[in-house]
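A quick write-up on the structure given underneath.
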Amino acid sequence: MSNIKKKISQTLMDSIDGSEINYDENKDCFHSKNRKFEKINNITDLFVSEKNSDKITIKQESFYEDIKFPNYDGLETYGDLLDKSNKQGHLASILDKYIAFNSKILEVGCGTGQLSLFLKRFNRIICGIDLSIPSLTLAEEFRLRNQIENVFFAKMNIFNLQFKNEIFDYVISNGVLHHTYNTKVAFSKILKPL
């Protein structure tokens, strides 16, 4: 897992002071020049609040801490996830068909991480971010159980992304932006790491 963390750290930048966010393998943590990012339930917390979005973010976070979507009912293995996602016309299979080998992918609002985990094939590097630690915990548990080494999950605020500009090949966000206080601003924010 430290390999993916090192690769992800190359994409990260502290949105507060502009310093790089590095991964310390000995302490198994991320830190910038002025901050150490803690882990909650084995999920790195890179969340930085943003005053305009705080009210709706808190409401959304509370909802998705109770409702983890999508759930993992009937999905124990990566094979089960492949079967679910390979149905004709399923968004995941369409994306998988057109996203290039060796791509770096950011999924914004990944929820329980099923799409991020499904796309792990073809030597891709994937970072899934969400604001719900319980949902991210389900994603991380599935990742660990299935020994998936090229997907990383973190808690992050869409309005305060901790990424460098122009660092990902693809940014995916499905069913997320309409939950924000301003979809136009949210859309502009997720384009910056692209």
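Taking amide H as placed 1.01 Å from N in the peptide plane, the amide H of I125 sits under 5 Å from that of S103, K104, I105, each at least 5 places away or on another chain. Per residue, segment 31-103 exposes 68 Å² of solvent-accessible protein surface, assessed with a 1.4 angstrom probe and all protein chains in place. Helix content alone sets the calculated 222 nm mean residue ellipticity of the chain: runs of n ≥ 4 DSSP H residues at -39500 (n - 2.57) each, divided across all residues, give -9500 deg cm²/dmol. Taking Cβ atoms as reference points and 11 Å as the exclusive limit, the residues near G113 contribute a net charge of -1, counting Lys and Arg as +1 and Asp and Glu as -1. Applied to segment 163-176, the Karplus parametrisation 6.51 cos²θ - 1.76 cosθ + 1.60 on θ = phi - 60° returns per-residue 3J(HN,Hα) values of 10, 5, 6, 6, 10, 9, 7, 9, 10, 10, 8, 10, x, 10 Hz, with x for Gly and Pro.
Cα gyration tensor of segment 131-182, axes a ≥ b ≥ c as square roots of the eigenvalues: rounded (a/c below 1.5), prolate (a/b > b/c) or oblate? Oblate shape, in that a/c is at least 1.5 and b/c is the bigger or equal ratio.
If Lys and Arg each add +1 and Asp and Glu each add -1, what is the summed charge of the other residues whose beta carbon sits under 11 Å from the beta carbon of K27? Could the numbers behind the result be given before it?
Values: positive: K36, K39; negative: D24, E25, D28.
Result for the neighbourhood of K27: -1.
Computed with a 1.4 Å probe on the full set of protein chains, the accessible area for Y181 sits at about 90 Å².
Within segment 52-101, how many Lys pairs that are eight or more residues apart, or on different chains, come under 25 Å at the alpha-carbon? Write down the numbers at each step before the final one.
Values: K55/K68; K59/K68; K68/K84; K68/K87; K84/K97; K87/K97.
Taking the Cα cut-off of 25 Å, the pair count is 6.
Name the shape class, rounded, prolate or oblate, that the alpha-carbon gyration tensor gives for the chain, where a ≥ b ≥ c are the square roots of its eigenvalues, rounded holds for a/c under 1.5, and otherwise prolate holds if a/b is larger than b/c and oblate otherwise. Cα axes put the chain in the rounded bin. Note on E65: accessible area is roughly 70 Å² with a 1.4 Å probe, heavy atoms of protein only.
Work through the residues other than L177 whose Cβ is under 10 Å from its Cβ and net out their charges, Lys, Arg +1 and Asp, Glu -1. Present the calculation step by step, with values, prior to reporting the outcome.
Numbers: positive: K184, K189; negative: none.
So the surrounding residues net to +2.
Split the accessible area of the chain by element, probe 1.4 Å, and carbon with sulfur accounts for 50%. Simple rule: put +1 on each Lys or Arg Cβ and -1 on each Asp or Glu Cβ in the chain, find the dipole, and look at L144, C110, S19; the Cα lying farthest toward the positive end is S19. The magnitude of the dipole of the chain, with charges of +1 and -1 set on the Cβ of Lys/Arg and Asp/Glu and taken from the Cα centre, is near 440 debye.
Given Cα pairs under 8 Å that are at least 6 residues apart, what percent is the relative contact order of the chain? Write down the numbers at each step before the final one.
Values: 338 pairs, mean separation 48.2, N = 194.
Reported relative contact order: 25 percent.
Candidate cross-link partners of K184 among the aspartates and glutamates, defined by an alpha-carbon separation under 20 Å and a same-chain spacing of 8 or more, comprise E50, D54, E107, D130, E166.
The values are calculated or read from the model by the stated rules, or taken from the named source; none is laboratory data. Every value quoted in this text rests on a predicted model; they were computed, and no experiment measured them. Positions of Cβ are backbone-derived with ideal geometry, glycine not excepted, and every protein chain shown enters the neighbour counts. In case anyone asks, the SASA skips ligands and DNA or RNA and just uses the protein heavy atoms, side chains included. Shrake-Rupley method; radii C 1.70, N 1.55, O 1.52, S 1.80 Å.
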